[in-house]
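Encoded as structure tokens, the structure appears first; notes follow it.
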Amino acid sequence: MCQYSCVDGLATNWHLVHLGSRAVGGAGLVMVEATAVEARGRISPGDMGIWSDAHTDALKPTAAFIKEQGAVPAIQLAHAGRKASCSAPWIHKGAQLSLNEGGWETVAPSPIPFYETDRAPSQLTVEEIKATVELFRQAARRSLEAGFEIVELHGAHGYLLNEFLSPLTNHRTDEYGGPFENRLRLLKEMAVAVRSEWPDHLPLFLRISASDWADGGWTADDSVHLAKTVKDWGIDLVDCSSGATVPHAKIPAAPGFQVPFADRVKNEAGILSGAVGLITEPHQANEIISSEKADLVLMAREFLRDPYWPLHAAKVLGVAVKLPVQYERAF
């Protein structure tokens, strides 16, 4: 689970995110990340899942606890595609598991492995694509029943949705491959299916890799074009990450290096955007919001380093926040 912090666009206040006609109140978002819509869509055997009603029941206490603490419970629906069947990242650096090691056969838009040494994934048939769309729809229903108030479609980092979007990984010649519009088809069908289950008053996010950082791949211009399009499918906010589609990407990682993607999506496509990636300092995060480069700052690894980051940031920025009652004596 990963905490995503949100800053109100009008002030240094961890309080309210306005999403067009949809509004979500709270001290921030807490996102359950990369929750697989089917077993073969897990990145690793240890991943979260939401492909059965048993998962719904197991996640209800999580969503309820997040609400009790004054935050908004969110969940990221995912399918790892060709990057599934891997060990945990702290075991053999997340290498693909063999079938003898408990791994499984993977699927993708095209039978191209991520690493040359990986097993080639099976190319999804049109019927299997339709079935995968249905899996996302059912996952949205279960997410709502579990008590989550934001759903995010994971279309980034070389996972299944991203594999369909990028010309580097989608070599299909049918209606799901080739021209830009065809490569968007699966995302459109998934967004429409999820929105059919997800109430209109609750937000739907989309995470993208805004650039493949590789020749011939997906570009920032493509991301702006996509962002202009997804508004019509019920997407409220585009969460702008990048890379991880192909192993040879040359990523110029530096503090805030992905913020320009969120800036372009927000200000050129006219849709709310989220900024992510090497955002670690309170003033850095606040400047992104106050200068209207993004509507939301999303953080993950910094919370692993400092779980109390929001409280420390509020103190630095001079913002009064409501503490968990158990912590009041310490502050």
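The values are calculated or read from the model by the stated rules, or taken from the named source; none is laboratory data. Given the structure is predicted, the values throughout are model-derived calculations rather than measurements. We place every Cβ from the backbone using ideal geometry, glycine too, and count neighbours over all the protein chains shown.
Of note:
- Residue 134 touching a residue at least 12 places away in the same chain (Cβ under 8 Å), under 20 Å from the mean Cα position of the chain (by Cα) and within 19 Å of residue 229 (Cα to Cα): no
- Residue 59 being part of a helix (DSSP H, G or I), crowded, with 18+ Cβ neighbours inside 10 Å and not small (Gly, Ala, Ser): yes
- Within segment 312-319, one or more residues are of a type outside the set (D, E, K, R), buried (at least 22 other Cβ atoms within 10 Å of the Cβ) and over 20 Å from the mean Cα position of the chain (by Cα).
Residue-by-condition table, conditions (1) among the β-branched types (Val, Ile, Thr); (2) at pLDDT below 95; (3) within 16 Å of the chain's Cα centre (by Cα):
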residue	(1), (2), (3)
79	no, no, yes
89	no, yes, no
92	no, yes, no
119	no, no, no
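- Answer from 148, 114, 136, 164 - the residue that is touching a helix residue (DSSP H, G or I) at 6+ places or on another chain (Cβ under 7 Å), within 21 Å of residue 40 (Cα to Cα), at pLDDT 95 or above and part of a loop (DSSP other than H, G, I, E, B): 114
- Across segment 29-54, the qualifying residues are those that are of a type outside the set (A, V, I, L, M) and surrounded by 23 or more Cβ atoms within 10 Å (Cβ to Cβ), and the one among them that is nearest to residue 311 (Cα to Cα) is 35.
- Which numbered condition residue 93 misses (of (1) more than 14 Å from residue 163 (Cα to Cα); (2) touching a residue at least 60 places away in the same chain (Cβ under 8 Å)): (2)
- The set of residues from segment 279-308 being crowded, with 18+ Cβ neighbours inside 10 Å and either of a type in the set (A, V, I, L, M, F, W, C) or part of a loop (DSSP other than H, G, I, E, B) (or both) comprises 279, 285, 288, 289, 293, 294, 295, 296, 297, 298, 299.
Every residue, every condition in (1) under 18 Å from the mean Cα position of the chain (by Cα); (2) at pLDDT below 95; (3) over 21 Å from residue 80 (Cα atoms); (4) of a type outside the set (Asp, Glu), yes or no:
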site	(1), (2), (3), (4)
199	no, no, yes, yes
215	no, no, yes, no
242	yes, no, no, yes
259	yes, no, yes, yes
